[in-house]
């Protein structure tokens, strides 16, 4: 608990100043922003992409995009909300960019054994889900998105998002039996 | 609720919000920070580039033809009625553009897809201006007229297509 409070305090420490400095091109300030947020962004990217290598690429892409788009951040919304939205979009884009032609037909090669050793319970079984069902499940159940928002992000109908969510839920429940 | 569904609910509740990557990602990120922003080549960019190349090619041909004719023709310097028509059409087009911009519902120029489209429109406008200036000197050139009208029509089409681009929503999902 004390550790969690410490992390929270660190994450809120001087953030507006860091953002202002980073906007002016201060890489040291941007590095501090990275250090505060990269674990959250990585978790999001890992759950969306389902693969360690892709999650690393997506996280890097997120922060490079953040650096480029930071001057557009006017502080109307919370930085964390803005970064979250940017990260989800970037993770989905990275997934699209790296997805090979054949991967649409063949399941992605995920080293499930390695993932099982490395990650917590839910993440061990999330990677076994089909891609679209996994993304919908992550965004809806873990990130609090609405089906309409997921539909817009993924270019699918909200009804399809609901169906994918129920499919994911059913598959995960079967894995836990 | 079955046992497995119950267990799934528990797993969702206790799922960590953060994860540590297996290796440090900062050094790779830092290397990419100095690179200029990468704009993905897309359909609109290709259309814009193709349009400009086409316009330059046609303009060059037309200009060359005109130079050949200059020595033979005695230019009619008097104000032609065509020049009035030229100016009328230009004014009409500018009004249409202004009307479209007034009825603009979303700031599509700020979107990722809007940027190349905006560049395409800008290039079309430059080309249209060049053609207009050439037409003022030689208003009887039929091919040049057709080209000028095409650039104006294309500009209106691109503006209309820009308005159909999706708007970017800012507030989605949870906090980090």
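For residue A:91, state whether it is within 19 Å of residue A:42 (Cα to Cα) and modelled with pLDDT of 90 or more. The answer is yes for residue A:91. Within the stretch A:138-157, the set of residues being touching a helix residue (DSSP H, G or I) at 6+ places or on another chain (Cβ under 7 Å) and over 20 Å from residue A:84 (Cβ atoms) comprises A:157 only.
Which residues, counting only those in the stretch B:31-51, are modelled with pLDDT of 85 or more, more than 7 Å from every other protein chain (Cβ to nearest Cβ) and under 23 Å from residue A:35 (Cβ atoms)? B:31, the sole residue that qualifies.
Number of residues in the stretch A:146-177 that are in contact (Cβ under 8 Å) with a residue 40 or more places away in the chain, more than 14 Å from residue A:130 (Cα to Cα) and facing chain B (nearest Cβ under 8 Å) equals 2. Among the residues making up the stretch A:131-177, those that are more than 24 Å from residue A:121 (Cα to Cα) and in a loop (DSSP other than H, G, I, E, B) are A:146, A:155, A:156, A:157. Candidates are the residues of the stretch A:102-145 that are at pLDDT below 90 and more than 16 Å from residue A:50 (Cα to Cα); the one that is nearest to the other protein chains (Cβ to nearest Cβ) is A:102. Taken over the stretch A:26-50, residues that are without any contact (Cβ under 8 Å) to a residue 12 or more places away in the chain and more than 9 Å from chain B (Cβ to nearest Cβ) amount to 2.
The values are calculated or read from the model by the stated rules, or taken from the named source; none is laboratory data. Because the structure is predicted, anything quoted here is derived from the model rather than measured. When we count neighbours, we look across all protein chains shown, and the Cβ atoms used for this are built from the backbone with ideal geometry, even at glycine.
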